[in-house]
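First the structure, in the form of structure tokens, and then the observations on it.
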Amino acid sequence: MTLSPPSLKVELTAPDISAYRQSNVGIDYVTRLDSGKPGPHVIVQALTHGNELSGAITLDYLFKQNFQPTSGVVSFIFANVAAYAMWDPQNPDGNRYVEEDFNRVWSDEVLNGPRDSVELRRARELVAYIDTADYLLDLHSMSAPSAPLMVCGVRPQGGQKSVNLSAKIGLPEWLMMDTGHANGLRMIERAAFGDPHKHNTAILLEAGQHWEKACEQIARETTLKFLKVTGVADAQWVDARCSLPPVEQKVVQVTEGYAAKSLDFEWLDVYNGLEVIEQAGKALAEDAGHTLRTPYDNAVLVMPTRSKRFAVGNTMVRFGRIESLT
Ligand SMILES: [Zn+2]
């Protein structure tokens, strides 16, 4: 039986970002705002994935609000602009990337290796600049209408730094530590970000479903508070622009993921993410004769893939356990 989830409407409008192409550091779509005072280098990146609009909307908002850092340096980056240029609201799943996932190419081995793609060329342009960040916020969204969550990386490789930074921000409610991606290193895990002995800290916000209206405010306010707690934005300026109520944050420790064995992978029910399934062994999906089941009691389903654009080997869901924040 095919179970069709309710269709997901595109409620957001993709902003025109052409005005931000002109760069003051010689890399298209990178803008460096220098306060002239000492302080950290703080980067906010949007459009790691071309169809995740709320990050682009957030940076467009900050530009239009004429944001200026009060100390240190803030850089705004629109990352996979080639994929974003292909945005079509009639086919909103069609432009996550051009040739390959931009967020799986960040190991030095891949960046310095012989492979070539649209995404690798852009990553090679950006990597030295990214590596100068003391703090990085990478803005994303999800294919299923899950509650927002912060991806904090792998605990022994910098994940705890990311949880600590997210706790200062106070948003969103769910902080996720995971096991990385077998098919390539993410930007938030590379170099100093993935080294627990360095202060450099990166976090990745999944603001909600890609095209839902609520995503916009989550992305905007998380970014504003990130700029405040990293010490580069005026606290009053930020607070005047935030209205989301405080939340009690919790950590989900992902223990394992499930990769599609076939293109026939099919959910047996509608899962949006962050459901807690009481019983181990509950059948969740069918995949070429294999039944995917919950691995243990009270497993949290993290980011089930709702997208129809997936390949064999793609992560379709992760399982996790709830831990306390401290
Ligand atoms: Zn993404």
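The values are calculated or read from the model by the stated rules, or taken from the named source; none is laboratory data. What you see is a predicted model; the values in this text were computed from it and never measured. When we count neighbours, we look across all protein chains shown, and the Cβ atoms used for this are built from the backbone with ideal geometry, even at glycine. When the accessible area is computed, the model is the full protein with side chains, heavy atoms only, and any ligands, DNA or RNA have been set aside. Shrake-Rupley method; radii C 1.70, N 1.55, O 1.52, S 1.80 Å.
In the set (1) at negative phi; (2) under 21 Å from the mean Cα position of the chain (by Cα); (3) part of a loop (DSSP other than H, G, I, E, B); (4) not aliphatic (A, V, I, L, M), residue 255 fails one condition alone, (3). Consider the stretch 182-200 and keep the residues that are open to solvent by 20 Å² or more (accessible area, probe 1.4 Å) and small (Gly, Ala, Ser). The one that is nearest to residue 256 (Cα to Cα) is 182.
Close contacts from the stretch 271-292, counting a first residue that is without any contact (Cβ under 8 Å) to a residue 12 or more places away in the chain and a second that is assigned to a strand (DSSP E or B) and not basic (Lys, Arg), with Cβ to Cβ under 7 Å and a gap of 6+ residues or different chains, come to 291/283.
What residue, among those in the stretch 140-181 that are buried (at least 20 other Cβ atoms within 10 Å of the Cβ) and hydroxyl-bearing (Ser, Thr, Tyr), is nearest to residue 105 (Cα to Cα)? Once the filter is applied, the top-ranked residue is 141.
Considering the stretch 148-171, the residues that are out of contact with any strand residue (DSSP E or B) (no Cβ under 6 Å at 6 or more places or on another chain) and assigned to a loop (DSSP other than H, G, I, E, B) include one that is nearest to residue 48 (Cα to Cα), namely 153.
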